[in-house]
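Trainee: Questions regarding the structure given below will be posed in turn.
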Amino acid sequence: MALTKINNNTLSAITGLPAGVGGKVLQVVQATNTTQFDTTSLSFVTTGFSATITPSSTSNKILVMFSSFTDSAGSARAIHWRLYRGATGIGDATVGMAVVYSDSSRLLTGLTNSYLDSPSTTSATTYTSYVKSAGGSQIKIPYINSTETFILLEVAG
């Protein structure tokens, strides 16, 4: 291999990142859903929408990105969203990880969130969307003719 001289110094081939340097995206998983889920639950319930990724190293992280278009109608128009890794809830058990609220008679809005997780496993890891209503108003997720999306990125630790 030819070497390049820069200011009388030698630059050799770079074969990887130096030790301790992470951040490289190793794999991407995308899941989409168009089947609407309805609930009036005052407790977090699964929407049934999830995505699964299998990390290649226990030191790697998973960047979880979620988006959906939602609808809530009723006297208390707030939608609480929470992420679960397997059976483990992530974020506040009462509020969740994201809340959208409106003081009008209806709430139609986008709901997005991201979270950098450290699952410390090389087993298949499933992330699931959970929602709850504030005050018992009806929640629809995703809203009619829209799509909700999970994007999971494995990032080198």
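Since every read-out is calculated from the coordinates, none of them should be taken as a lab result. Values in this document were obtained by computation on a predicted structure and should not be read as measured data. Glycine gets a Cβ as well: all are built from the backbone with ideal geometry, and neighbour counts include every protein chain shown.
Trainee: 5 Å is the cut-off here: which amide hydrogens, built 1.01 Å from N in the peptide plane, fall below it relative to MET97, excluding neighbours closer than 5 in sequence?
Mentor: Placed amide hydrogens put TRP81, ARG82, LEU83 under 5 Å from MET97.
Trainee: Continuing with the same structure: What does the charge add up to near PHE44, with Lys and Arg as +1, Asp and Glu as -1, over the other residues with Cβ less than 9 Å from its Cβ? Spell out each step's value before the answer.
Mentor: Details: positive: ARG82, LYS132; negative: none.
Summing Lys and Arg as +1 and Asp and Glu as -1 gives +2.
Trainee: Can you pull the Rg over Rh of the range 22-155, Cα-only, Kirkwood?
Mentor: Values: Rg = 15.2 Å, Rh = 15.1 Å.
Answer for the range 22-155: 1.00.
Trainee: Taking a ≥ b ≥ c as the square roots of the eigenvalues of the Cα gyration tensor of the range 22-95, is the shape rounded (a/c under 1.5), prolate (a/b larger than b/c) or oblate?
Mentor: Values: a/c = 2.62, a/b = 1.96, b/c = 1.34.
Taking the square roots of the gyration eigenvalues as a ≥ b ≥ c, the range 22-95 is prolate.
Trainee: Quick check: net charge around ARG77, other residues with Cβ under 11 Å of its Cβ, Lys/Arg +1 and Asp/Glu -1?
Mentor: Working: positive: ARG106; negative: ASP71, ASP103.
Local charge sum for ARG77: -1.
Trainee: Place +1 on the Cβ of every Lys and Arg and -1 on the Cβ of every Asp and Glu in the range 18-124, take the dipole about the Cα centre, and give the residue among LEU108, THR122, ALA31 whose Cα lies farthest towards its positive end.
Mentor: Projecting each Cα onto the dipole axis, the largest value belongs to THR122.
Trainee: Once the Cα atoms of the range 55-102 are picked out, what are the Rg and Dmax in Å?
Mentor: 14.3, 47
Trainee: If you rank SER105, SER68, SER118 by fewest surrounding Cβ atoms within 10 Å, what's the result?
Mentor: Details: SER105 9, SER68 25, SER118 12.
Ranking SER105, SER68, SER118 by Cβ neighbours within 10 Å, fewest first, gives SER105, SER118, SER68.
Trainee: Could you please report the charge total around LEU111, scoring K, R as +1 and D, E as -1 over all other residues with beta-carbon less than 12 angstrom from its beta-carbon? Walk me through the numbers on the way to the answer.
Mentor: Details: positive: ARG82, LYS140; negative: ASP71, GLU148.
My count for the surroundings of LEU111 gives 0.
Trainee: Using a basic spin-label model with each label point 7 Å from the Cα along Cα→Cβ, how many nm lie between LEU42 and THR94?
Mentor: 1.4 nm
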